[in-house]
2 protein chains.
Amino acid sequence: MQTQTINSDTSADKKVFIKMVLDAWESHNARFNKLADGLTEEQLSAETAPDRNSGIYLFGHLVAVNDAMLPILGFGERLYPQLEQIFLTNPDKSNVEMPSVNELKKYRDEINAKLSSFIGQLQPADWFTGHTTVSADDFAREPHRNKLNIIINRTNHLAYHLGQLAYLVKRNPL
Amino acid sequence: MQTQTINSDTSADKKVFIKMVLDAWESHNARFNKLADGLTEEQLSAETAPDRNSGIYLFGHLVAVNDAMLPILGFGERLYPQLEQIFLTNPDKSNVEMPSVNELKKYRDEINAKLSSFIGQLQPADWFTGHTTVSADDFAREPHRNKLNIIINRTNHLAYHLGQLAYLVKRNPL
């Protein structure tokens, strides 16, 4: 059987599971972009639920997290380091001035274009090297703390907040 | 360097990768269990946000999805097939009688124990075989539609609803 041939080849398996992880990452980013781009600035300014984070805070939070992936994955410096204080260090409603929705969209698209470009250039073996915040000693003991694991964790983080952002949409997709 | 030795071995990579995926799955289930078990029946009966799914509906939905993983992964029949109609086919507030929170917890723990037991027995190569709902022909063309991918997708699905269930907790964990 053809399937058996594919599965007995561990190098092919490696490419397959990198694809699995990247497909999930890309599909969740696409869902996030579609959701955010379908909402007005007014809708995004609303709280996702009473006394919970606003849509624009979660939007900025997710953009800041994607930006911070650049140095963690060894792809270079963050493009918008000022987002850290606004959307990572401080909680929502902190009297810190936020960028507008249009600015955030611009940042997001630039950050995601840079991320995608570097992701596309990474060779299969590179994904299994340590990310930049794990020490060589720790990585030797814990080889799962690699670059691909960052993508898995960030996809789950994105899905978590996507569930909350969905509450800004008038009809509830489960 | 030790890390280089580990990373040049694709068979070791495969084990590392399976661990990454299973760690994320287990940690999200642990977060869900802790969250749900820390809420009263009254809190779980509330809507996660105005006019959105109730906590108990999402609880049952996640239990039903885990149960349905048993046949998809080839681990046997579902333990509680009656959950499908209540929590998958029908939306919330459908006038269908729901199990109590205590019954759902019992179901969840039995289902998760069965899942964990089979997951623990699966050999690395087994994870890269097709799940039971993909045809042999499709799988030959799309080898990413394997058992491990089910775990990746179900972890993201769990994270999505976990973000919503977090709104039942009095203080908002981001």
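The values are calculated or read from the model by the stated rules, or taken from the named source; none is laboratory data. Predicted model, so just to flag it, every value in this text is computed and none were measured. Here Cβ is always computed from backbone atoms with ideal geometry, including for glycine, and neighbour counts include all displayed protein chains. When the accessible area is computed, the model is the full protein with side chains, heavy atoms only, and any ligands, DNA or RNA have been set aside. Shrake-Rupley method; radii C 1.70, N 1.55, O 1.52, S 1.80 Å.
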> Going by the alpha-carbon gyration tensor, a ≥ b ≥ c the square roots of its eigenvalues, is the stretch A:88-167 rounded (a/c under 1.5) or, if a/c is not under 1.5, prolate (a/b greater than b/c) versus oblate?
Replying inline: prolate
> Using alpha-carbon pairs under 8 Å, 6+ residues apart, how would you state the relative contact order of the stretch B:110-174 in percent?
Replying inline: 23 percent
> If we hang a label 7 Å off Cα along the beta carbon direction at A:GLY120, how far is it from the matching labels on the other copies, in nm, shortest first?
Replying inline: 4.5
>> If each residue of separation counts as 0.36 nm, what is the full-extension length gain between A:PHE118 and A:SER94 once their alpha-carbon separation is subtracted?
In response: 5.3 nm
>> Counting just the Cα atoms, what span does the protein assembly as shown cover along each of its three principal axes? Round to the nearest Å and put the largest first.
In response: 51, 51, 37
> Want the number for B:ALA30 to B:SER11: 0.36 nm per residue separation, take away the alpha-carbon distance, what's left?
Replying inline: 4.0 nm
> For helix B:147-165, what angle does its Cα long axis make with the longest principal axis of chain B, in degrees from 0 to 90 and rounded to 10?
Replying inline: 30 degrees
> Rg and Dmax of chain A over Cα atoms: what are they, in angstrom?
Replying inline: 18.1, 62
>> Under 20 Å between alpha carbons, and skipping anything fewer than 8 positions from B:LYS15 in its own chain: which aspartates and glutamates qualify?
In response: A:ASP9, A:ASP13, A:ASP126, A:ASP137, A:ASP138, A:GLU142, B:ASP23, B:GLU26, B:ASP126
>> Report, in listed order, any pair from B:LYS106/B:LYS147; A:LYS14/B:LYS114; A:LYS14/A:LYS170; A:LYS19/A:LYS105 with a Cα-Cα distance greater than 31 Å.
In response: A:LYS14/A:LYS170
> If one takes the longest principal axis of the Cα atoms in chain A, at what angle in degrees, from 0 to 90 and to the nearest 10, does the Cα axis of helix A:101-121 lie?
Replying inline: 0 degrees
>> What does the charge count around B:LYS114 come to, taking other residues whose C-beta lies under 14 Å from its C-beta (Lys +1, Arg +1, Asp -1, Glu -1)?
In response: -1
>> 7 Å from Cα along Cα→Cβ at both A:ASP23 and A:ASP51: what's the point-to-point distance in nm?
In response: 4.3 nm
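Determine, for each peptide in B:99-108, B:153-162, the mean count of other beta carbons within 10 angstrom over its residues, then list the peptides with the highest first.
B:153-162, B:99-108
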> Using protein heavy atoms only (no ligands, DNA or RNA), what is the total accessible area buried between A and B, 1.4 Å probe, nearest 100 Å²?
Replying inline: 4500 Å²
> In angstroms, what radius of gyration and Dmax does the stretch A:41-130 have, counting Cα atoms only?
Replying inline: 14.8, 46
>> Pairs of alpha-carbon atoms within less than 8 angstrom and 6+ residues apart define the contacts here; what relative contact order does chain B have, in percent?
In response: 29 percent
> If we hang a label 7 Å off Cα along the beta carbon direction at B:PRO71, how far is it from the matching labels on the other copies, in nm, shortest first?
Replying inline: 5.1
